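Reviewing the structure listed below.
Just so it is clear, none of the values below were taken in a lab; they were calculated from the coordinates. Given the structure is predicted, the values throughout are model-derived calculations rather than measurements. When we count neighbours, we look across all protein chains shown, and the Cβ atoms used for this are built from the backbone with ideal geometry, even at glycine.
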Amino acid sequence: MEPIRCRIAPSPSGFLHIGTAKMALFNWLFARKSGGTFVLRLEDTDAERTEEEFVQAMCEGFHWLGIHWDEGPEFGDEPERGAYGPYRQSERRELHRNEAFRLVEEGKAYKCFATKEEIEAFRAEHPHAHFASKWRNASAEEVAAMGDASYVVRFKVPEGQTVIQDLVQGEVRFNNSEFDDFVIVKPNGDPVFHLAVVADDAHMKITHVIRGDDHLTNAPRHVMLFEALGFPVPNFAHLPMVLDETGKKFSKRLRGANILDWREDGYLPETMINYVVLLGWSPEEENREFFTLSELAEHFSIERLSKSAARFDRKKLDWLNGQHIRNLSIEVLCEHCVRILEKNGFDTQSKPPEWLTNLAAICQEKLPTLNRITELADFFFREVEGYEEKGEKKLFAKPESVLWLETAAEAMQSEPTWERAALHTAFEKKVEATGLGLGNLVNPSRLALTGKTVGPGFFELSELLGRETCLARMTKAIAHAKDLGENVS
Ligand code: GLU
């Protein structure tokens, strides 16, 4: 059997779209699973829209995800690699044109000199028919007589049916009469997408075309071209697009359409890969959702790709991100946290490295996104200016509030080592001595130390905050609770 070769062939239009990322992932996984080759080909023939920075932005998206191509164009410091280049469609124009004119010579395509007016007149007369060019069967003399008049090259669509054995959609049949003799070379000499994609896939020896189902209706044209050109027809797998939360195609304008938006919003590339793959594939192991990239490469199978599109589910994504964050080493998580804290103006430089590692460790279980670290840890870097309103009512404004806070402060004062387990023991002792519940001591104290009702583990955060800061914040909270009490009575 021929070695498996698959590809992603995006048009660089500004960023890596989440839908393109999904197609790239499936191609990449399939190549990894089968020991094949994954090719990146840039379909950059739309000259107006393609700018170098667009290409760079898209490649950056792939790099962030960790999808590396075995063959592909130059990108940043990476040289072009692979034996089937160039990997930019714009540099393959001559090859496409040669293939088109080979078809003309073989009588499978023809130069069509029909003018715009002639085509419009035909359409007006036959509103439901395909354009039937009189040049389809013109003689060599008639063509020669046109000199250098402007023309397009049209493909002679053969009679009959075209059948696609799609690996995901199953067998799909098309009557060739549905298609007119479509243009393969434009009047300015540029090859048309259908021709370029087929010639490139053929010359790059692509064995599997895995792409969006928006291309399913193009597939019969492609099959006809492969056959006319005398190349083997690759296997096709047309996959559903990524849908947004409302079930519509994920619009380019929506936040999150750019895969790098997720990086900015505190999601891990591991999460995005895992999530995007689950949007179109289900593992054999029922109900399993967490996969690392290498696990996916191991378990992936084309047979378990789904025909129907799954909607985007933000809750599930956040859950999955939390799982991947838990799976990070503390050192890596710490680097992420420091970067985000610094970016948001928190001074991490003044903290010792072990302290920062400890901070990452006590927050690890609590982070649905990396960016949440700022909410979870702000009180370590600045004074508590105010208290969460609901918590204040429930924990500071009750008749017992001052007693709770003072008892907790006594427990703290009795503990000189300020180590989390010892602090816990000191609180337990107080609970025993006073008959108050542990929650009565911990919850108001958490509000006192952090200004919030939720956050990292209480004894852990107290340890990191330090004895002096904790005691000062307790004193301040006790005074505040007394004020509240006086105002109530
Ligand atoms: N350039 C096409 C696109 O971005 C891909 C064509 C293909 O995969 O065959 O949709």
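A few notes on this one:
- Segment 393-435: GluC sites (Glu not before Pro) falling in loop per DSSP and having at most 15 other Cβ within 10 Å: GLU400, GLU419
- Exceedance of the 18 Å cut-off in Cα-Cα distance is limited, within the set LYS249/LYS307; LYS316/LYS343; LYS205/LYS307, to LYS316/LYS343; LYS205/LYS307.
- Crossing angle, helix 219-229 versus the chain [Cα axis fit, 0-90 degrees, rounded to tens]: 50
- Between the C-alpha center of segment 359-408 and that of segment 425-489 there is a gap of 10 Å.
- Applying both filters, DSSP loop and at most 13 other Cβ atoms within 10 Å, to the trypsin sites (Lys or Arg not before Pro) of segment 369-457 gives ARG382.
- Sites matching trypsin sites (Lys or Arg not before Pro) across segment 21-100 that sit in DSSP coil, with at most 15 neighbouring C-beta atoms within 10 Å: ARG49
- Protection proxy ranking of 225-231, 252-258, 179-185 - average other beta-carbon atoms within 10 Å, highest first: 179-185, 225-231, 252-258
- For the chain, alpha-carbon Rg relative to the globular expectation (2.2 N^0.38 Å, N residues): 1.39
- Straight-line reach from LYS134: taking Cα to Cα under 22 Å and skipping same-chain neighbours fewer than 8 places apart, the lysines in range are LYS108, LYS111, LYS116, LYS156, LYS186.
- Rounded to the nearest Hz, the phi-derived 3J(HN,Hα) couplings of segment 437-454 under the Karplus curve 6.51 cos²θ - 1.76 cosθ + 1.60 (θ = phi - 60°) are x, 4, x, 5, 8, 6, 5, x, 5, 4, 4, 5, 7, 10, x, 10, 9, 10, where x marks glycine and proline.
- Bridgeable lysines around LYS315 (alpha carbons under 17 Å apart, same-chain partners fewer than 8 residues away excluded): LYS366.
- Peptides 54-64, 273-283, 291-301, ordered by how many other C-beta atoms sit within 10 Å of their residues on average, highest first, read 273-283, 54-64, 291-301.
- Computed from Cα atoms, the angle from the helix 116-125 axis to the main principal axis of the chain rounds to 90 degrees.
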